[in-house]
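A.B. asks: Take this structure first; my questions come after.
The values are calculated or read from the model by the stated rules, or taken from the named source; none is laboratory data. Note that the structure is predicted; figures quoted are calculated from it, not measured. With ideal geometry, Cβ positions are generated from the backbone for all residues, glycine too; neighbour counts draw on all protein chains shown. Note: accessible area is taken over every heavy atom of the protein model, side chains too, but ligands, DNA and RNA are not part of it. Shrake-Rupley method; radii C 1.70, N 1.55, O 1.52, S 1.80 Å.
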Amino acid sequence: MNKDIVIDLKDISVAFDGQPVLKNLNLYIRNREFITLLGPSGCGKTTTLRVIAGFLEPDSGDVIFDGASCLGVPPHKRQVNTIFQRYALFPHLNVYKNVAFGLKLLRLPAAEVERRVEEMLRTVNLTGFERRSVASLSGGQQQRVAIARALAVRPRVLLLDEPLGALDLKLRKDMQMELKNIQQQLGITFIYVTHDQEEALSMSDTIVVMDEGEIQQIGTPKDIYDEPKNAFVADFIGESNIVDGVMLADFRVRFAGMTFQCVDKGFAPSERVDVVVRPEDVDIVPPGSGVLQGTVTSVTFKGVHYEFIVDVQGFKWLIQSTDVQAVDDVIGISIKPDEIHIMKKSKYSDLVGDYSCFSDEFEEMSNPETDSEEEEE
Amino acid sequence: MRKKNSPWLNAPYVLWSALFILAPLALVAVFAFTDQAGRFSLASFEYIAQNQQLYLKTFGDSLAYALEATVICLLLAFPLAYFMANARQRTQRLLMMLIMVPMWMNFVICTYSWRSILEDHGILNTALAWLHGLVSKEAFRPPALLDTPGAVVLGMVYNYLPFMILPIYTVMSKLEPSLTEAAQDLGANRWRVLEQVVVPLSIPGVVSGVTMVFVPSVSTFYISQKLGGGSSLIGDLIELQFLGSAYNFSLGAALSLILMAIVLVCMLVMKQFSDGEESAFVV
Ligand SMILES: Nc1ncnc2c1ncn2[C@@H]1O[C@H](COP(=O)(O)OP(=O)(O)O)[C@@H](O)[C@H]1O
Ligand SMILES: [Mg+2]
């Protein structure tokens with residue numbers, strides 16, 4: 001058994017009212033790792049954290065902490081602390097007393113409590129706020145108090161449930177950096193939950209992509225981005241063109257009516273596959289000389305690059321490039337072998353299509369969690 | 001820009017307050033400071049001062065009874081409200097019904113029915129006699145339950161308990177579950193969670209409840225007559241002046257004013273506890 005593993009979730013299943021929410025989840029978490037659970041709202045991220053923190057007993061499976069099962073151990077006896085989705089600061093206590101809450105329960109001497117509170121407030125840049133009431137703080141400051149309060153008791157593992165969800169973009173970016181720094185400085189294992197793929201990619205050592213209570217893929221941000229395991233991951237992590245294809249042989253795939261060289265192998269002959277091409281990996285070349293040919297139907301300037309929707313035989317491709325093109329221009333499209341990524345067909349294959357409408361924006365709009373959070377701000 | 005409300009919109013409320021709150025108060029004050037013929041007079045207050053022995057005792061008794069009833073209500077209501085707030089929705093609704101039902105019944109009937117329960121040969125003593133018969137051959141001498149201070153406090157607790165439960169329950173059921181979870185997460189067991197999070201955050205409800213039980217208890221006039229035998233509290237004395245044999249409006253009004261002053265002081269003391277926190281019981 002690996003000594004380096006702090007938490008090992010074995011075959012965890014949870015159902016609410018007969019509705020499965022986690023399905024045979026297997027996941028181990030290494031010491032000092034920054035691991036992120038990433039997935040759309042409702043996929044079971046919070047539920048996973050609640051199982052680890054002890055607020056929820058799984059219907060089946062085991063939670064191993066430091067080599068021993070901690071099923072049945074109540075939350076107050078677990079060396080795990082949580083940053084709740086809405087901070088959950090105690091409104092009747094000031095900043096100092098909030099941070100000191102856990103320390104006093106440990107019956108530490110008063111001087112030690114004070115030393116540690118001051119240390120934590122320094123870490124989160126809130127020195128001088130001791131006597132302030134938590135209600136008088138801004139969202140970002142409340143967030144810092146929550147972090148200080150949880151870290152003051154020196155947990156082995158910190159669980160963070162969408163901690164930056166309610167902050168505006170700028171503050172969010174700053175806090176991402178700060179959290180990452182704090183994690184590295186203190187050497188604590190972070191289990192971070194978010195539905196924001198950019199946040200996950202920029203902060204994590206390991207990303208766990210979840211959907212419908214199942215883990216879709218576990219890997220480093222680079223793995224997940226470059227080698228998505230199925231159409232769901234490819235679609236959820238960044239923009240991608242996902243095209244129906246057929247594996248002709250090792251290193252040869254046919255899609256969009258043409259045959260391409262690729263770097264993937266090990267599929268059955270003529271196996272139907274999903275082909276992923278990232279929008280920034282497509283090269284625009286003069287028409288005719290390219291392997292594929294299409295018509296530009298929309299152009300959006302994105303600050304650094306342009307984003308084009310290109311109609312190739314009725315399938316809308318998303319292409320990012322710094323070259324200028326105009327609507328109705330006919331362009332050639334060239335894709336290098338190592339920019340073609342082949343995935344096995346999955347239940348998600350039919351759900352993700354082309355870019356005839358901006359599915360991403362629709363997703364954002366119909367995401368109830370984001371909506372409500374923005375309203376409450 | 002918000003449109004300024006027309007002063008006429010407030011008119012019904014102002015009229016209402018004037019008619020039903022200020023006018024009776026003014027009337028009480030007028031009665032207290034006039035004599036039978038309607039001339040200004042401090043006779044009633046002088047009379048009270050001369051008989052202060054009697055009145056001090058009555059006021060003291062009233063405060064003591066009310067305090068006792070309030071404390072008992074609080075001790076009963078707090079755990080019950082806590083249990084309710086944490087029970088399943090269906091249990092909560094059922095308990096709420098059970099608490100409300102006595103409030104729908106007439107106060108006089110409720111109090112009167114306690115008489116028949118507590119009487120020497122009432123329901124309770126009959127039951128006790130039966131139990132006594134099971135274990136002993138000796139004749140059963142029924143304990144006096146009715147016409148005791150205990151019966152008066154019981155009557156107050158019975159009548160006013162819902163006013164303690166409801167505000168506390170309201171506050172508790174609005175507590176964010178994540179607050180108790182955060183406390184547990186930081187190492188608090190059930191008792192610590194209760195002591196350090198639930199109790200302090202329920203204070204506004206407790207303050208409302210205490211006020212709503214104490215104030216009517218201290219001025220009650222029916223319970224003590226029906227359940228306390230001859231014992232009379234300040235409410236009874238006041239009633240006597242207006243409806244009873246004494247028929248001295250001026251004295252009754254003077255006593256009322258003094259009682260109001262005492263209640264006001266009590267409320268101010270309570271307010272220190274709540275420390276400006278808004279009242280929890282919003283009707
Ligand atoms: N206490 C509960 N009772 C019933 N259903 C629940 C409960 N908690 C969560 N769920 C359901 O479980 C699913 C996963 O929830 P959650 O873990 O909170 O998702 P996420 O945090 O990924 O958004 C959701 O469909 C949610 O409605
Ligand atoms: Mg969640």
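A.B. asks: Compute from the Cα atoms of the range A:105-172 the Rg and the Dmax, the latter being the longest Cα-Cα distance, and quote both in angstrom.
C.D. replies: Taking only Cα atoms of the range A:105-172, I get Rg and Dmax of 13.0, 41 Å.
A.B. asks: Identify, among A:GLY288, A:MET247, A:MET258, the residue whose Cα sits farthest towards the positive end of the charge dipole of the range A:240-351, taking +1 on the Cβ of Lys and Arg and -1 on the Cβ of Asp and Glu, with the dipole about the Cα centre.
C.D. replies: Ranked along the dipole, the leading option is A:MET247.
A.B. asks: Given 0.36 nm per residue, what is the gain on full extension from A:ALA68 to A:LYS344 after removing their alpha carbon distance, in nm? Spell out each step's value before the answer.
C.D. replies: Numbers: separation 276, 0.36 × 276 = 99.36 nm, distance 3.69 nm.
Contour length minus Cα-Cα distance gives 95.7 nm.
A.B. asks: If you count, for every residue in B:172-179, the Cβ atoms of partner chains within 10 Å of its Cβ, what is the mean? Could the numbers behind the result be given before it?
C.D. replies: Working: counts 0, 0, 0, 1, 4, 2, 9, 7.
Mean partner-chain Cβ count within 10 Å for B:172-179: 3.
A.B. asks: Still on this structure, please answer the following. If you wrap the range A:240-351's Cα atoms in a convex hull and average its projection over all directions, what's the area in nm²?
C.D. replies: One quarter of the hull surface, i.e. the mean projection, equals 6.9 nm².
A.B. asks: Given the rule -39500 (n - 2.57) for each run of at least 4 DSSP H residues, summed and divided by the residues of the protein assembly as shown, what is its mean residue ellipticity at 222 nm, to the nearest 500 deg cm²/dmol?
C.D. replies: Computed mean residue ellipticity for the protein assembly as shown: -14500 deg cm²/dmol.
A.B. asks: Let me ask you something else. At 4 °C and a viscosity of 1.567 mPa s, what translational diffusion coefficient does Stokes-Einstein give for the range A:1-142, taking Rh as the Kirkwood radius over Cα pairs? Give it in µm²/s as a whole number.
C.D. replies: It diffuses with D of about 74 µm²/s by this estimate.
A.B. asks: For the range A:1-45, what percent of Cα pairs sit more than 15 Å apart?
C.D. replies: Counting every Cα pair in the range A:1-45, those more than 15 Å apart make up 55 percent.
A.B. asks: Follow-up. Hey, can you find the accessible area per residue of the range A:240-351 for me, probe 1.4 Å, expressed in square angstrom?
C.D. replies: Result: 48 Å² of accessible area for each residue.
A.B. asks: If you don't mind, there's one more thing I want to ask. Once you have the alpha carbon radius of gyration of the range B:98-175, what is it after dividing by 2.2 N^0.38 Å, with N set to its residue count?
C.D. replies: Normalised Rg, Cα atoms only: 1.46.
A.B. asks: So how much slack lies between B:ALA129 and B:GLN52, counting 0.36 nm per residue of separation and subtracting their Cα-Cα distance, in nm?
C.D. replies: Length gained between B:ALA129 and B:GLN52: 23.3 nm.
A.B. asks: Here are some pairs, A:LYS23/A:LYS229; A:LYS45/A:LYS170; A:LYS170/A:LYS229; A:LYS97/B:LYS271; which of them have Cα atoms lying more than 21 Å apart in this structure?
C.D. replies: Exceeds cut-off: A:LYS45/A:LYS170; A:LYS170/A:LYS229; A:LYS97/B:LYS271.
A.B. asks: Separate question: Say R0 is 25 Å: what FRET efficiency, to the nearest 0.05, do A:SER202 and A:GLU114 get from their beta-carbon distance? Kindly include the intermediate steps, with their values, before the conclusion.
C.D. replies: Working: r = 36 Å, r/R0 = 1.43.
Computed FRET efficiency for A:SER202 and A:GLU114: 0.10.
A.B. asks: Leaving out same-chain residues fewer than 8 places away, which lysines sit with a Cα under 21 Å from that of A:LYS173?
C.D. replies: A:LYS222, A:LYS302
A.B. asks: Give me the base-10 log of I(q)/I(0) for the range A:102-259 at each q in 0.08, 0.13, 0.14 Å⁻¹, Debye formula, one uniform scatterer per Cα, rounded to two decimals.
C.D. replies: Summing over Cα pairs of the range A:102-259 leads to -0.36, -0.74, -0.81.
A.B. asks: A further question follows. Over the protein assembly as shown, one equal point on each Cα, no solvent: what is log10 I(q)/I(0) by the Debye formula at q = 0.08, 0.11 Å⁻¹?
C.D. replies: -0.83, -1.15
A.B. asks: When the Cα centres of the range B:133-184 and the range A:165-224 are compared, how far apart do they sit, in Å?
C.D. replies: Answer, in whole Å: 52.
A.B. asks: Something else about it: Extension gain A:THR127-A:MET177, at 0.36 nm per residue separation less the Cα-Cα distance, in nm?
C.D. replies: Difference between extended and current length: 16.1 nm.
A.B. asks: Hey, another quick one. If you take each beta carbon of peptide A:96-105 and count the beta carbons of other chains within 10 angstrom, what is the mean?
C.D. replies: Mean partner-chain Cβ count within 10 Å for A:96-105: 3.
A.B. asks: Grab the other residues whose beta carbon is less than 13 angstrom from that of A:LEU186, score K and R as +1, D and E as -1, and report the net.
C.D. replies: The answer is +4.
A.B. asks: First obtain the Kirkwood hydrodynamic radius of chain B from its Cα pairs, then insert it into the Stokes-Einstein equation at 20 °C and 1.002 mPa s, and state the resulting D in µm² per second as a whole number.
C.D. replies: Once the numbers are plugged in, D ends up at 97 µm²/s.
A.B. asks: Quick one: the Cα spread of the range B:32-161 along its three principal axes, in angstroms, biggest first?
C.D. replies: Its Cα atoms span 64, 50, 25 Å along the three principal axes.
A.B. asks: If you don't mind, another one. In Å, what Kirkwood hydrodynamic radius results for the range B:119-237 from the alpha-carbon pair distances?
C.D. replies: Evaluated over the range B:119-237, this radius sits at 17.8 Å.
A.B. asks: Taking a point 7 angstrom from the Cα of A:VAL285 along the C-beta vector, which residues in the range A:303-342 have backbone N less than 11 Å away?
C.D. replies: From the range A:303-342, the list is A:332-337.
A.B. asks: May I pose another question? Sort largest first and round to whole Å: the equivalent ellipsoid semi-axes of chain A, each the square root of five times a Cα gyration tensor eigenvalue.
C.D. replies: So the three semi-axes of chain A are 45, 25, 17 Å.
A.B. asks: Here's another thing I want to ask about it. Using the Cβ atoms and a cut-off under 10 Å, what net charge is assigned to the surroundings of A:SER346, where Lys and Arg are +1 and Asp and Glu are -1?
C.D. replies: Working: positive: A:LYS229, A:LYS344, A:LYS345, A:LYS347; negative: A:ASP274, A:ASP350.
Summing Lys/Arg as +1 and Asp/Glu as -1 gives +2.
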